[in-house]
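> What follows is a structure written as structure tokens; I'll ask about it next.
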Amino acid sequence: MSVCEGKTFRYSNASIISYGSVAGSVESEGPFGDEFDEIIKDNKGSAQTWEQAEALFQQKALKHAMDKANLVPEKMDLVFAGDLLNQCIGSSCGLKDYYIPFFGIFGACSTFAEGLILAGAMVNAGYVDNAAAVTSSHYSSAERQFRFPLNYGGVRTPTAQWTATAAGAAIISASQKPPFIKAATVGKIEDMGITDANNMGAAMSGAAYDTISRHLKHMSSHPEDYDAIITGDLGEVGSNMLYELFKRDGISIEQHHKDCGLMIYDREKQDVHAGGSGCGCSASMMCGHFLKHVENGDLKRILYVATGALMSPTIVQQGESIPGVAHAVEITYK
């Protein structure tokens, strides 16, 4: 696989001033269950449908972020939001009552990184005072859309990943307070020839390799220069493929790599097969766990690389291969 050139953007004035996370019952039983801002135990939050429930998760995540920043919707300049559902209805229905200027975005599970890049660019350029990046996913809504009805009871393959019921929101502004967005590399579409919708980690691994490689090259950095290179969400299969791709270049990233899909659940006690996935997986892990450790200085420099399998139910039914994309955001304490 060749690594093509592409720009890495440098930011001089973009800070993540607040962030919020919401998670469901299965996620609350994982190793980081006590770090999320809010747990919705019944996964529906008293909503009538799973889609309404996902919208509620996204609404609550942004509310937590706004409350921490002492902001109200009327003081929000812009929001970039997306999810896995058709026409991103989790975002539009979840955020409509806030009446904030809205950009709907889609990058599958890479959506949160995409939102951070765009929100940070708008703030860094001085077009707005603040902008939010928000995303969500829900096991029940995603399974119904992409695979089978929940009551079908189909057997999940070993390569399958569990869509996280979770949401994350971050507000970016010009501030002298960490975490800072320092740089970003926009992903390119990579097609690994994977046609199995239950093997998304493999479909996304090539995109993660390409984006990380380009970012390291453009920043003249090495894996050991980062406290963590965080992917979301390659799971077990995709992570192992990522390691193999880098080994061809004589580079080992295992010791510096963390995958949100492998972290969010206790895979010995929870039957999630190859790990977690979904827009809300890495978003909730970033907003529930990683960003606070950058803010307090425990982590000085991280590279967040959210990965997305750009599939739809239609192309899967037609036997098409699943393209992948990965966006990288470098976040620092100083």
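> Just wondering, is there one or more residues in the stretch 322-331 that are in contact with a strand residue (DSSP E or B) (Cβ under 6 Å, 6 or more places away or on another chain), within 21 Å of Gln87 (Cβ to Cβ) and modelled with pLDDT of 95 or more?
Scanning the stretch 322-331, I find at least one residue that is in contact with a strand residue (DSSP E or B) (Cβ under 6 Å, 6 or more places away or on another chain), within 21 Å of Gln87 (Cβ to Cβ) and modelled with pLDDT of 95 or more, so the answer is yes.
> What pairs come out if I take residues in the stretch 286-298 that are more than 16 Å from Ser15 (Cβ to Cβ) and pair them with residues that are buried (at least 23 other Cβ atoms within 10 Å of the Cβ) whose C-beta lies under 6 Å away, six or more apart or interchain?
Gly288/Ser21; Gly288/Phe36
Conditions tested, residue by residue: (1) in the same structural domain as Leu242 (by TED's automatic domain parsing); (2) polar (S, T, N, Q); (3) not in a strand (DSSP E or B).
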residue: Ile16; (1), (2), (3): no, no, no
residue: Ser21; (1), (2), (3): no, yes, no
residue: Glu27; (1), (2), (3): no, no, yes
residue: Asn43; (1), (2), (3): no, yes, yes
residue: Ala47; (1), (2), (3): no, no, yes
residue: Glu51; (1), (2), (3): no, no, yes
residue: Glu54; (1), (2), (3): no, no, yes
residue: Phe57; (1), (2), (3): no, no, yes
residue: Lys60; (1), (2), (3): no, no, yes
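> Next question, about the same structure. Hey, any hits in the stretch 183-195 for a residue that's charged (D, E, K, R), within 17 Å of the chain's Cα centre (by Cα) and surrounded by 24 or more Cβ atoms within 10 Å (Cβ to Cβ)?
No, the conditions are met nowhere in the stretch 183-195.
> Need the failing condition index for Ser252 against (1) free of Cβ contacts under 8 Å to residues at least 40 places away in the same chain; (2) within 20 Å of the chain's Cα centre (by Cα), just the number.
(2)
> Please go through the stretch 224-271 and give me each residue that is buried (at least 21 other Cβ atoms within 10 Å of the Cβ) and β-branched (Val, Ile, Thr), ordered by number.
Across the stretch 224-271, the qualifying residues are Ile229, Ile230, Thr231, Val237, Ile253, Ile264.
> Can you tell me which residues in the stretch 65-112 are among the charged types (D, E, K, R), within 25 Å of Ser140 (Cβ to Cβ) and surrounded by fewer than 23 Cβ atoms within 10 Å (Cβ to Cβ)?
Taking the stretch 65-112 and keeping what is among the charged types (D, E, K, R), we get 67-68, 74-75, 77, 83, 96-97.
After this cut, where a residue has to be within 25 Å of Ser140 (Cβ to Cβ) as well, the list is 83, 96-97.
Passing the criteria: Lys96, Asp97.
> Restricting to the stretch 217-258, give me the number of residues that are within 27 Å of Ala166 (Cα to Cα) and either in a loop (DSSP other than H, G, I, E, B) or of a type in the set (Phe, Trp, Tyr) (or both).
Residues flagged as within 27 Å of Ala166 (Cα to Cα) and either in a loop (DSSP other than H, G, I, E, B) or of a type in the set (Phe, Trp, Tyr) (or both) within the stretch 217-258 amount to 4.
> Right, another one. Considering each of Ala164, Ala132 in turn, give the residue that is closer than 27 Å to Leu95 by Cβ and modelled with pLDDT of 95 or more.
Answer to the check: Ala132.
> Filter the stretch 15-64 for residues that are of a type in the set (A, V, I, L, M) and within 16 Å of the chain's Cα centre (by Cα); which is surrounded by the fewest Cβ atoms within 10 Å (Cβ to Cβ)?
Ile16
This table checks each residue for (1) modelled with pLDDT under 95; (2) among the acidic types (Asp, Glu); (3) in contact with a Phe, Trp or Tyr (Cβ under 9 Å, 6 or more places away or on another chain).
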| position | (1), (2), (3) |
| --- | --- |
| Asp210 | no, yes, no |
| His218 | no, no, no |
| Glu236 | yes, yes, no |
| Met241 | no, no, yes |
| Ile264 | no, no, yes |
| Arg267 | yes, no, no |
| Gln270 | yes, no, yes |
| Ala274 | yes, no, yes |
| His289 | no, no, yes |
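Rundown of residues vs (1) in a loop (DSSP other than H, G, I, E, B); (2) more than 17 Å from Leu116 (Cβ to Cβ), yes/no style:
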position: Glu268; (1), (2): yes, yes
position: Ser284; (1), (2): no, no
position: Cys287; (1), (2): no, no
position: Leu299; (1), (2): yes, no
position: Leu303; (1), (2): no, no
position: Ile315; (1), (2): no, yes
position: Glu320; (1), (2): yes, yes
position: Ala326; (1), (2): no, no
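> Determine the pairs where a residue that is among the hydroxyl-bearing types (Ser, Thr, Tyr), located within the stretch 111-124, has a partner that is surrounded by 24 or more Cβ atoms within 10 Å (Cβ to Cβ) with Cβ atoms under 6 Å apart, the partner being 6 or more residues away or on another chain.
Note: pairs meeting the criteria are Thr111/Gly82; Thr111/Thr135; Thr111/Cys279.
> Among the residues that make up the stretch 246-253, is at least one of them closer than 23 Å to Glu29 by Cβ and not assigned by TED's automatic domain parsing to the domain that holds Lys68? If you could, list the steps in order and put the result at the bottom.
Of the residues in the stretch 246-253, the ones closer than 23 Å to Glu29 by Cβ are none.
Checked against the condition, which is being closer than 23 Å to Glu29 by Cβ and not assigned by TED's automatic domain parsing to the domain that holds Lys68, the stretch 246-253 yields no hits at all.
> Kindly indicate which of Gly308, Gly297, Gly319 is within 24 Å of Glu54 (Cβ to Cβ) and of a type outside the set (Phe, Trp, Tyr). So that I can check it myself, show each step before the final result.
Values: Gly297 fails: within 24 Å of Glu54 (Cβ to Cβ); Gly319 fails: within 24 Å of Glu54 (Cβ to Cβ).
One residue alone meets the criteria, Gly308.
The values are calculated or read from the model by the stated rules, or taken from the named source; none is laboratory data. Just so it is clear, the structure is predicted and the values come from calculations on it, not from any experiment. All Cβ positions, glycine included, derive from the backbone under ideal geometry; neighbour counts span all protein chains shown.
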